[in-house]
Amino acid sequence: MKTKLIFLGPPGAGKGTYASRVAPKLGVPQISTGDLFRENMAKDTELGRKAKEYVNAGKLVPDEIVVDMVRDRLSEDDATNGYILDGFPRTLTQAEALDSIAEIEAVINLVVPDSVIIERLSSRIQCKSCAAVFNLKTMPPQEEGKCDKCGGELYQREDDTPAVIQKRLDAYKAQTAPLIEYYKARGVIANIHNDKADAPVDGIVARIMAALE
Ligand code: AMP
């Protein structure tokens, strides 16, 4: 089973949702650079203060800052046998830097149409405490405003507004989409197509697991 993984795809493709389901099956950590930034922003750390203006504007945080953060996280003990990188790399510079840090075994490329992304992101909510993701339309929590997993408070991300969503999609197309070719050339990419906003999560997770065999 492949365990050193990247989940690639536009914002709202479901990277976080599927990574949070696949990671425990593989016994590896889910490393979400977006969650790491939000955690640091909430705690108002130096890293959080540096990232904030970019994150809230829907722009990518400069490569150097992201690469340093990922290098530190990958050196922790729980990442020895594998990991799911969720939201990293997002530029060619980051992908090249990652090559000198880690040996990626598979890239799960989530292919989702723009219409589905916009519909998903505008009704997405996330837990303030454990970062679990829900959706008011397609994956509502059992109790309104409360996380099923830890009881934490659910909120809408500041960058999940229509204007910022468009900026993030533009950033994806210009800076991240070229990574598909980069990893295709290495023969490590597996495309997982998902055309529906409400496709059952279990079915997609099963397809991802099959691609990792
Ligand atoms: P996400 O939760 O993956 O949608 O990330 C939220 C925001 O965090 C992005 O819009 C960027 O501002 C920032 N971010 C997350 N990962 C990266 C990355 N690999 N490179 C640059 N910026 C990132």
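The values are calculated or read from the model by the stated rules, or taken from the named source; none is laboratory data. As the structure is a prediction and not an experimental result, all values here were calculated from the model. Quick reminder, even Gly has a Cβ in these numbers, built from the backbone with ideal geometry, and neighbours come from all protein chains shown. For the accessible areas, the whole protein counts, side chains as well, though only heavy atoms, and no ligand, DNA or RNA atoms are used. Shrake-Rupley method; radii C 1.70, N 1.55, O 1.52, S 1.80 Å.
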- Message: Suppose we keep just the DSSP beta bridges with both residues in the chain; what percent of those would be antiparallel, to 5?
- Response: 35
- Note on the structure: Of every hundred units of 1.4 Å-probe accessible area on the stretch 49-191, the number belonging to carbon and sulfur atoms, as a percent, is 48
- Gain upon complete extension [residue 167, residue 191; 0.36 nm per residue less C-alpha separation]: 6.2 nm
- residue 139 paired with residue 213, simple spin-label distance in nm, labels 7 Å along Cα-to-beta-carbon: 2.4
- Message: Suppose R0 equals 45 Å. What FRET efficiency, 1/(1 + (r/R0)^6) with r the Cβ-Cβ distance, do residue 114 and residue 45 give to the nearest 0.05?
- Response: 0.85
- Item | Mean accessible surface per residue for the stretch 1-120, computed with a 1.4 Å probe while every protein chain stays in place, in Å² | 44
- Size of the dipole of the chain about the Cα centre, Lys and Arg at +1 and Asp and Glu at -1 on the beta carbon, nothing else charged, in debye to 20? 360
- When the convex hull of its Cα atoms is projected in every direction, mean area for the chain (nm²): 10.9
- Using Cα positions and a limit of under 23 Å, work out the lysines in reach of residue 173, with same-chain residues fewer than 8 apart set aside. 15, 52, 59, 184, 196
- Task: Output the peptides 86-93, 8-15, 123-130 sorted from most to least packed, where packing is the average of other Cβ atoms within 10 Å over each peptide's residues.
- Result: 8-15, 86-93, 123-130
- Query: Over the stretch 62-134, what lengths in whole Å, largest first, do the semi-axes of the equivalent ellipsoid take, defined as the square roots of 5 times the eigenvalues of the alpha-carbon gyration tensor?
  - Reply: 26, 17, 13
- Message: Counting pairwise Cα distances across the stretch 1-58, what percent come out greater than 16 angstrom?
- Response: 52
- Item | Charge dipole magnitude, Cβ of K and R +1, D and E -1 - the stretch 166-213, Cα centre, debye nearest 20 | 240
